[in-house]
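Visitor: Can you keep this structure in mind? I'll have questions shortly.
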Amino acid sequence: MEKLNKEDFELIEIAKNVIKKNYDGVKFNHTVGSALRCKDGSIFVGVNVYSVHGACAEQIAIGTAITEGKREFDTIVAINGENEEVMSPCGNCRQLFSDYMPDIFVIIKDCNEIKKIKASELIPFSYHAQY
């Protein structure tokens, strides 16, 4: 586990801002915002796209970064649009992190404390796809 630094708190604010701009409290199509910082310092954001098989905000941010040619990631965070709190990633996102970026830091909320851990710690003994 790592201590959050100034850049981590800035990343949280960026994620809060993206969901503030896009929160949909009527149809609940967009309820989570995410911000991803790459190793080169560039930041990509995303909001979830809800449907039967929708995409999480983290997946949208990662996909946007990859589309722009980024492959080295540093830290990711997700924010609940209703109360602007840090969210821990869902199981699908945990597996995605484990497969694509096991060394990325993930900012989570645990027992009302904001923490930063490696993605590889989110699913102990996980299956690892070979890409």
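The values are calculated or read from the model by the stated rules, or taken from the named source; none is laboratory data. As the structure is a computational prediction, the values presented were derived from the model and not from experiment. Glycine also receives a Cβ, built like all others from the backbone with ideal geometry; neighbour counts cover every protein chain displayed. What goes into the accessible areas is simple: the full protein's heavy atoms, side chains included, and nothing from ligands, DNA or RNA. Shrake-Rupley method; radii C 1.70, N 1.55, O 1.52, S 1.80 Å.
Visitor: Separation between the N29 and E82 pseudo-spin-labels, each 7 Å from Cα along Cα→Cβ, expressed in nm?
Guide: Spacing of the two 7 Å Cα→Cβ label points: 2.0 nm.
Visitor: Residue by residue through segment 40-50, which ³J(HN,Hα) values in whole Hz follow from phi under the Karplus form 6.51 cos²θ - 1.76 cosθ + 1.60 (θ = phi - 60°), with glycine and proline marked x?
Guide: The phi angles translate into 7, x, 5, 10, 10, 10, x, 10, 5, 10, 7 Hz.
Visitor: Under 8 Å for C-alpha pairs, at least 6 residues apart: give me the relative contact order for the chain, rounded to a whole percent.
Guide: Dividing the mean separation by the residue count of the chain yields 22 percent.
Visitor: Taking 0.36 nm per residue of sequence separation and subtracting the Cα-Cα distance, how much length would be gained by fully extending the chain between N17 and V49, in nm to one decimal?
Guide: 9.8 nm
Visitor: What's the FRET efficiency of N92 with R71 using the Cβ-Cβ distance as r and R₀ = 25 Å, to the nearest 0.05?
Guide: 0.75
Visitor: Which of the aspartates and glutamates could a cross-linker bridge to K3, judged by Cα under 13 Å and excluding same-chain residues fewer than eight apart?
Guide: List returned: E113.
Visitor: Report, to the nearest whole %, how much of the accessible area of the chain belongs to carbon and sulfur atoms, 1.4 Å probe, protein only.
Guide: For the chain, the apolar C and S fraction of the accessible surface comes to 51 percent.
Visitor: Scan around K39 for amide H atoms under 5 Å from its own, H built in the peptide plane at 1.01 Å from N, and keep only partners 5 or more places away or cross-chain.
Guide: E72, F73, D74
Visitor: Still on this model: Considering amide H positions built from the backbone, and no H for Pro or chain starts, which residues 5 or more places from V32, or on another chain, come under 5 Å of its amide H?
Guide: Hits under the 5 Å cutoff: N48, G81.
Visitor: Let me ask something else. So between S42 and Y100, what do we pick up on full extension, going 0.36 nm a residue minus the alpha carbon distance?
Guide: Result for the pair: 19.1 nm of gain on full extension.
Visitor: Can you tell me the order of 13-23, 91-101 when each peptide is scored by its average per-residue count of other Cβ atoms within 10 angstrom, highest first?
Guide: 13-23, 91-101
Visitor: So how far apart, in nm, are the two label points at N112 and M1 if each is 7 Å from Cα heading toward Cβ?
Guide: 1.5
Visitor: Probe of 1.4 angstrom, ligands and nucleic acids ignored: what's the accessible area per residue over the chain, in square angstrom?
Guide: 58
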